[in-house]
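Chemist: The structure under discussion is supplied below as structure tokens; questions concerning it will follow.
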Amino acid sequence: MTTKITFWGVRGSIACASPDYLEFGGNTVCVEADFGTRTVVLDAGTGIRFLSKRIKEQNVKAADLLISHTHWDHICGFPFFEQIFDKDFTLDVYGGTPEGRTVRQALHAEMSPPFFPVALHQAAASIRFHDLAEKETFALGDGNVRVSTAPLNHPNGATGYRLDGNGVSIAYISDTEHPCDEGVIRLVRDCDLMIYDATYTDEEYKTRIGWGHSTPGEALKIGKAANVRKIAFFHHSPDHTDAVLTAIERDIRTENPNAFFAREGMTVVL
């Protein structure tokens with residue numbers, strides 16, 4: 001059975017809407033891992049609205065949502081995920097608890113006055129929340145998909161995920177800042193696809209140290225050290241237009257032809 005990874009949103013920080021962002025996309029981060037018997041969603045940026053339409057068309061009635069952290073660009077699409085208002089839908093939401101606040105508390109605050117007119121308690125779906133420790137391994141659904149976690153270097157904390165199922169492995173590392181620690185190296189080791197935060201160029205990073213994001217060059221180092229098969233760069237900076245990303249990708253692919261910049265709507269089959 002194949003596993004399909006679809007990028008529904010690849011932008012970081014804030015959504016971008018202009019002709020300069022048509023090729024790579026302007027929606028904030030949301031990635032789907034379709035294992036055939038299990039739909040796993042990674043983060044709930046504005047891209048989740050398009051995933052929601054696909055789920056509705058295919059009459060999917062259950063999914064797992066893994067939240068890396070609750071900064072706005074990663075959860076602002078959650079109230080627009082239509083399935084949370086479907087009484088026949090079941091959603092399991094997983095996330096860490098940085099600074100003691102659970103994912104449920106964060107989503108409740110997001111959908112509370114004066115930020116949003118519809119409250120979380122009005123969602124008709126069966127939504128179950130799961131708080132994760134910094135380092136944890138657990139199974140989804142019938143156990144065919146295993147999830148491992150590791151803490152990331154990001155202000156207020158973040159969680160990196162590794163999914164193992166159907167004989168393949170996917171690592172999702174957003175948001176994080178280098179230098180990368182051994183916990184992340186262990187999490188991504190030998191994975192078939194590593195999805196990695198590559199917000200800044202090396203030059204940009206010099207003036208943004210401590211902001212919690214990384215670079216394509218650092219991702220290549222990690223991929224080589226951990227024997228990663230393919231690398232997808234994402235969480236693109238809102239300052240990086242199609243022209244900028246195309247130029248950076250061209251240079252990167254001369255160093256590693258199995259590395260690429262994720263585009264909104266792109267599907268990778270493993």
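The values are calculated or read from the model by the stated rules, or taken from the named source; none is laboratory data. Since the structure is predicted, the reported quantities are computational estimates derived from the model, not experimental observations. Neighbour counts run over all protein chains shown; Cβ positions are idealised from the backbone, glycine included.
Chemist: Under 6 Å between Cβ atoms, at least 6 apart or on separate chains: pull out the pairs that start in the range 9-26 with a residue that is surrounded by 14 or more Cβ atoms within 10 Å (Cβ to Cβ) and end on any residue that is of a type in the set (A, V, I, L, M).
Modeler: Cβ pairs passing all conditions: 9/29; 10/262; 24/245; 25/10; 26/15; 26/17.
Chemist: Looking at (1) in contact with an Asp or Glu (Cβ under 8 Å, 6 or more places away or on another chain); (2) more than 23 Å from residue 137 (Cα to Cα); (3) of a type in the set (A, V, I, L, M), find the lone condition where residue 268 falls short.
Modeler: (1)
Chemist: OK, next. Inspect all residues belonging to the range 40-52 and state whether any of them is more than 19 Å from the chain's Cα centre (by Cα), closer than 21 Å to residue 151 by Cβ and not in a loop (DSSP other than H, G, I, E, B). Outline the logic, then answer.
Modeler: Keep residues of the range 40-52 that are more than 19 Å from the chain's Cα centre (by Cα), which gives none.
No, the conditions are met nowhere in the range 40-52.
Chemist: Would you check which residues across the range 78-102 are at pLDDT 95 or above and either part of a strand (DSSP E or B) or closer than 16 Å to residue 157 by Cβ (or both) and list them?
Modeler: Those that are at pLDDT 95 or above and either part of a strand (DSSP E or B) or closer than 16 Å to residue 157 by Cβ (or both): 90, 91, 92, 93, 94, 95.
Chemist: Which of the following residues is in contact with a helix residue (DSSP H, G or I) (Cβ under 6 Å, 6 or more places away or on another chain) and either of a type in the set (A, V, I, L, M, F, W, C) or at negative phi (or both): 222, 231?
Modeler: Testing whether each residue is in contact with a helix residue (DSSP H, G or I) (Cβ under 6 Å, 6 or more places away or on another chain) and either of a type in the set (A, V, I, L, M, F, W, C) or at negative phi (or both) leaves just 231.
Chemist: Do you know which residues across the range 211-222 are among the hydrophobic types (A, V, I, L, M, F, W, C) and assigned to a loop (DSSP other than H, G, I, E, B)?
Modeler: 211
Chemist: If you don't mind, another one. Given (1) small (Gly, Ala, Ser); (2) more than 23 Å from residue 268 (Cα to Cα); (3) in contact (Cβ under 8 Å) with a residue 60 or more places away in the chain; (4) surrounded by 21 or more Cβ atoms within 10 Å (Cβ to Cβ), identify the lone condition not met by residue 150.
Modeler: Evaluating residue 150 over (1) small (Gly, Ala, Ser); (2) more than 23 Å from residue 268 (Cα to Cα); (3) in contact (Cβ under 8 Å) with a residue 60 or more places away in the chain; (4) surrounded by 21 or more Cβ atoms within 10 Å (Cβ to Cβ) leaves (3) as the failure.
Chemist: Restricting attention to the range 59-75, and to residues there that are among the aliphatic types (A, V, I, L, M) and part of a strand (DSSP E or B), which single residue is surrounded by the fewest Cβ atoms within 10 Å (Cβ to Cβ)?
Modeler: Within the range 59-75, the match that is surrounded by the fewest Cβ atoms within 10 Å (Cβ to Cβ) is 62.
Chemist: For the range 186-199, which positions are surrounded by fewer than 16 Cβ atoms within 10 Å (Cβ to Cβ) and on the phi < 0 side of the Ramachandran plot? Spell out the reasoning first.
Modeler: To start, the set of residues in the range 186-199 that are surrounded by fewer than 16 Cβ atoms within 10 Å (Cβ to Cβ) comprises 186, 190.
Of everything in the range 186-199, just one residue is surrounded by fewer than 16 Cβ atoms within 10 Å (Cβ to Cβ) and on the phi < 0 side of the Ramachandran plot, namely 186.
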